[in-house]
Structure formats: structure tokens, C-alpha cells
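Any read-out appearing in this document is the output of simple, stated calculations on the displayed coordinates, not a laboratory observation. None of the values given here were measured: they were computed from a predicted structure. Every residue, glycine as well, gets a Cβ built from its backbone with ideal geometry; the counts of neighbours run over all protein chains shown.
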Amino acid sequence: MELSNLESKLCPFDFKDKITIFVGENGCGKSTFLEAIAIGFGCNPEGGGRNYNFNTENTHSDFYEKIILSRGYKKPNDIYFYRAESFYNVSTEIRRLDSEPSFDPEIKTYYGGSDLHKKSHGEAMESLFNHRFNSKGLYILDEPEASLSPAKQLTFVKRIVDLSKLGCQFIIASHSPIIMSTPGSGLYLVDDNMRNVDFHDTEAFIIYKSVLQDGKRFMDSVVNK
């Protein structure tokens, strides 16, 4: 994707909602947008907070250099960037840092106390949103549903709604109809431009509805097209 096209799609944008969710087809630019915001706020491109300085592979876009971030008068107490594809790398960095001598508590303490590599991906994600996220933080999440079952996605939604009432702000990119329907969220479709969209008008909702209503007939029409 041309960065100039991405800039015209997504900027300027006012994050007026406590929970903002971007949806759209793969390659539309929503993950690149979230990455640029996270880097602009000082987070590691692979994920984590502002004090993570590791680099597994330098593959991030330079779109962050093309946007200007303007904060409101309330400064977040915490900023964290989660991206599903590289959370394993974050967990590895936490293990490495905890192995070094320090007078500070082990970092895994802030994730519930257990080594994240000893948990499944979904369990590690639960440790993140149940323990690491706190009130009045800014949390930028790229596809948080990737490791979560439908039931755990419901748990995640309840958690972020509760935290939003305590002053947290969430910026999320997702393909999950469950997360898209988060109460009180602003839902935006990224395609040729960007616009506010009703959950029932999203492609994800339409496809899942078709599968659930008559999965066999719908899937037959797909594979025999």
C-alpha cells in the first residue's frame, strides 16, 4: 500500500471514543495505522510498553514519521502496544529481562506472576488484559482476538468496557464480530477511505450471519462458485 494513500484515508482522525475499533480487509492499512500511533507514543514496533527496546526484525513501516499525534489534556498513566503476530517476542524479552539482576520486581509480576511462555497464547493474552492493563492507560491492540476463543473474547470485551469506565482508552484493529459489537465503541471501516459504520453493515457480520443461518448451503455456494 502506498503510504500517501494511507495518510489520505486515515488522517486527520479524532479519537473521541473511549474504545475505537477499526475494521477492514487485509492490507487496508488499519494495522499500519495502529503501529504508527504506537511508535509515535514511544512503544516498541513489535509490542510492549515504552520501556521495551528489543528488535527481532526491523519490518515496521515509516508511516509513523508522516503523522502528528496530538494529545488531550489528560496524560495516560500507561501506554501499551499489543500485536498478535509478535507477542511471542515480547514474552521472550520479558523472560530475558527477568533473568538479569535487578532490584525491581520481575516484569512477569505485572502479568500475574507466571512466565508467559509457560502459558498458551490465549492464556498469555488473558494475563495481559487482566493484570497488565490498569486504569487511565492507553492500549493499542492489533487483532486481540487472534488467540482468544469466542468465550474468552467476551471476557476481553467485558474487561475493556470496565477499564474504559475507569479512564482507559483503547484503539483496536479487529476482524472479530464479537469485538466489533463492543458496547459504547466507535466502529470505523477502512477501505477506499474511512467512515463510521454500523456493526450490522460490516462484511464480517454478514458472512458470519450467513454461515450461522445455513452454513452448509452458504459454504457450498462459496466452494462451488
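A few points about this structure:
- Dipole-positive endmost among ASN89, LEU116, SER31 within the chain (Cβ charges, Cα centre): LEU116
- Value of relative contact order over the stretch 3-223, rounded to a whole percent, pairs C-alpha under 8 Å and six or more apart: 27
- Rounded to 5, percent antiparallel among DSSP beta bridges of the chain: 15
- 5 angstrom amide H check on ARG83, placed H, neighbours 5+ away: GLY48, ASP142
- Cα-Cα over 22 Å, subset of LYS75/LYS119; LYS16/LYS136; LYS18/LYS74; LYS30/LYS165; LYS152/LYS216; LYS30/LYS118: LYS75/LYS119; LYS30/LYS165; LYS152/LYS216; LYS30/LYS118
- Taking a sphere under 12 Å around the Cβ of SER149 and counting the other residues whose Cβ falls inside, with K and R at +1 and D and E at -1, yields a net charge of -2.
- Unit charges on C-beta of K, R, D, E only; dipole of the chain, Debye: 760
- In sequence order, calculated HN-Hα J values of the stretch 36-43 (Karplus, 6.51, -1.76, 1.60; Hz; x Gly/Pro): 5, 4, 4, 5, x, 8, x, 7
- Most mobile listed residue (SER86, SER127, SER102) in the chain, GNM with C-alpha springs under 10 Å: SER102
- Estimated FRET transfer efficiency (HIS117, GLU203; beta-carbon r; R0 45 Å; 0.05): 0.80
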